[in-house]
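First the structure, in the form of structure tokens, and then the observations on it.
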């Protein structure tokens, strides 16, 4: 039997991914707090920040560091089943980036946030806010989107965030795996032959350019409010 590879720090989460993660967490938290305290001006502003961040993550999921790319954590159903049964193959490296269950959580959270931002953009609360894209949809569609945004949408987000936090706690307490530190410094203790994510100057410049483009997009949508 071959000896296990020695563990060493391997860059898994590149800096742009880490900054996105914590920025989105702060934005979602702030947006919910503003909605619950009727600070609607800031709720709307943070909604456009969320639009910028989500657009960036969609692009970064295609060109970012190895383990931040969607291709690295889109798993076949058979792979998910093997993981749940504890029968994963070593060469699959399922515990380097997002695990199969973690990937479902990530995609689910991104999807519900995209829907929440999208419904906000077409919403009409018939009091003080009309989304910048409201004029492009039928009145009934806008009212349905507003209802979803103010009820089911926000509570699904809260539930998914709580589930995410519970999973982090479970990994820490039951499996003795710290998921927070790697999202702070970017590294995990892994076999030395684990391929790292590129995280140098060129990648960070590219991320900045993409963020500026996404910021311009969010600003353009904001401008449609007229």
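How many Å³ per residue does the convex hull of the Cα positions in the range 87-148 occupy?
About 115 Å³ per residue, rounded to a whole number.
Order these by the 10 Å Cβ neighbour count, fewest first: 174, 150, 188.
With the sparsest Cβ surroundings first, the list reads 174, 150, 188.
Fully extended, how many nm does the chain gain between residue 89 and residue 212 (0.36 nm per residue separation, minus their Cα-Cα distance)?
Between residue 89 and residue 212, full extension yields an extra 40.3 nm.
Nearest 10 degrees, 0 to 90: what angle lies between the long axis of helix 152-174 and the longest principal axis of the chain (Cα atoms)?
Value to nearest ten degrees: 20.
Which value in deg cm²/dmol, rounded to the nearest 500, describes the helix-derived mean residue ellipticity at 222 nm for the chain, given -39,500 (n - 2.57) per DSSP H run of n ≥ 4 and division by the residue count?
Per the formula, -21000 deg cm²/dmol.
Kirkwood-based Rg over Rh for the range 29-132 (C-alpha set), two decimals?
Taking Rg over the Kirkwood Rh, I get 1.13.
Give me the angle, in degrees from 0 to 90, between the Cα long axis of helix 15-36 and the longest principal axis of the Cα atoms of the chain, rounded to the nearest 10.
Helix 15-36 and the main axis of the chain meet at about 40 degrees.
Measure nothing fancy, just the Cα-based angle from helix 40-63's long axis to the longest principal axis of the chain, in degrees from 0 to 90, nearest 10.
Once rounded, one gets 40 degrees.
From zero up to wherever the largest Cα-Cα distance of the chain sits, split into 10 Å bins and tell me the percent of pairs in each.
7, 28, 32, 20, 9, 2, 0, 0
Only the coordinates and a few stated rules stand behind these numbers; no lab work does. Since we're looking at a predicted model, the values are computed, not measured. All Cβ positions, glycine included, derive from the backbone under ideal geometry; neighbour counts span all protein chains shown.
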